[in-house]
Amino acid sequence: MNRSILIIEDNAENRYLATYLLEASGWNVSHAAEGVEGIAAARKLRPAIILLDIQLPDINGYEVARRLRADPATMSIPILAVTSHAMAGDRQAALAAGCSGYIEKPIDPATFVADIEGLAPEASPSR
């Protein structure tokens, strides 16, 4: 079973916390700090799940999701937006761009991994 997650997130502290929680639950974690880098990593690594920040320094997460969905190599990978964008319409915008689910920041360390596995159960290592 593919137990890998790609985190596309520019904030080092957010990457560290998510990595710590996921690795403690049996996931193998890779990172990208920018959108274009994340797209390339997704094509190369073919992770089970992609965690995607919306505010990235080069292209925004909506564009990353659209490009991943347009690529046959990555189109079926669940993409979960993990973002502080929590205004009315942000969840719908993430889903419209191709994200499979949406988790608001700040994340809750007690439920983060379960939230991810609940939004992408087909990729969960415990299934």
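All of the numbers you see were taken from the coordinates with simple rules; none came from a lab. Just so it is clear, the structure is predicted and the values come from calculations on it, not from any experiment. Backbone-built Cβ (ideal geometry, glycine too); neighbour counts: all protein chains shown.
Data overview
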{"read-out": "Alpha carbon Rg of the stretch 52-127, scaled by the compact-globule rule 2.2 N^0.38 Å", "value": "1.09"}
{"read-out": "Semi-axis lengths, Å, the stretch 20-80, gyration tensor of Cα atoms, sqrt of 5 times eigenvalues", "value": "19, 14, 10"}
{"read-out": "The chain - Rg and Dmax from Cα coordinates, angstrom", "value": "12.9, 37"}
{"read-out": "Chain lengthening between Ser25 and Leu95 when straightened (0.36 nm per residue, less Cα-Cα)", "value": "22.6 nm"}
{"read-out": "FRET efficiency for Ala12 and Asp108, using Cβ-Cβ distance with R0 set to 25 Å, rounded to 0.05", "value": "0.80"}
